[in-house]
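This report refers to the structure that appears directly beneath it.
The values are calculated or read from the model by the stated rules, or taken from the named source; none is laboratory data. Keep in mind it's a predicted model, so treat the numbers as computed, not measured. Every residue, glycine as well, gets a Cβ built from its backbone with ideal geometry; the counts of neighbours run over all protein chains shown.
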Amino acid sequence: MVELKLTPYLQEKLQQAQRLQAELESIVAQRYQLEINLKEVEKSLEELEKVDENTPIYKSVGSILVKAKSKEEVKKELEDKKETLEIRIKAIKRQQELLQKKYEEIQREFASAYGGGSVSG
């Protein structure tokens with residue numbers, strides 16, 4: 001295995017790339033969890049549409065179920081939650097794209113410094 005002698009500048013860039021990669025992994029995990037939550041909310045809204053207006057509906061409050069006042073109340077809460085999740089997913093996508101661009105920029109710097117090869121971390 002060939003050991004590369006890195007300048008202090010490239011050593012800093014390598015550390016930066018490693019931090020970015022860890023941040024990207026965290027962001028991807030967060031996005032995945034938010035998208036799962038969004039799918040659950042969408043499925044709940046879909047099922048709620050099938051329920052008759054007079055059917056009792058229960059909602060989860062912490063670790064207990066509480067009878068909801070109305071179908072409309074639950075629908076409004078779910079729609080609000082859906083909107084919040086969509087906004088958070090959009091923001092996290094932007095953050096992921098920015099981090100990805102920074103990471104790729106550092107990879108290009110390494111590639112140009114070492115004859116065009118690609119560096120993976």
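Keeping to the stretch 49-80, report how many residues are of a type in the set (G, A, S) and over 22 Å from N37 (Cβ atoms).
1
Here are some residues: K75, K82, K71. Which one is modelled with pLDDT under 95, out of contact with any Gly (no Cβ under 8 Å at 6 or more places or on another chain) and surrounded by 16 or more Cβ atoms within 10 Å (Cβ to Cβ)?
Only one candidate qualifies: K71.
Of the conditions (1) over 30 Å from Y114 (Cβ atoms); (2) at pLDDT below 95, I92 fails just one. Which one is it?
I92 satisfies every listed condition except (2).
Determine, yes or no, whether I57 is surrounded by 14 or more Cβ atoms within 10 Å (Cβ to Cβ) and under 11 Å from the mean Cα position of the chain (by Cα).
Answer is no for this residue.
Give the stretch 83-116 a look and list any residue that's hydrophobic (A, V, I, L, M, F, W, C) and either more than 19 Å from N37 (Cα to Cα) or in contact with a strand residue (DSSP E or B) (Cβ under 9 Å, 6 or more places away or on another chain) (or both), or say none. Can you show your working first?
Of the stretch 83-116, the ones hydrophobic (A, V, I, L, M, F, W, C) are 85, 87, 89, 91-92, 98-99, 106, 110-111, 113.
Listed by number, the residues that qualify are L98, L99, I106, F110, A111, A113.
Among all residue pairs at least 6 apart or on different chains, which show Cβ distances below 6 Å where the first residue, located in the stretch 1-24, is at positive phi and modelled with pLDDT of 80 or more and the second is assigned to a helix (DSSP H, G or I) and of a type outside the set (A, V, I, L, M, F, W, C)?
Here the result reads none, with nothing in the stretch 1-24 linked to a residue that is assigned to a helix (DSSP H, G or I) and of a type outside the set (A, V, I, L, M, F, W, C).
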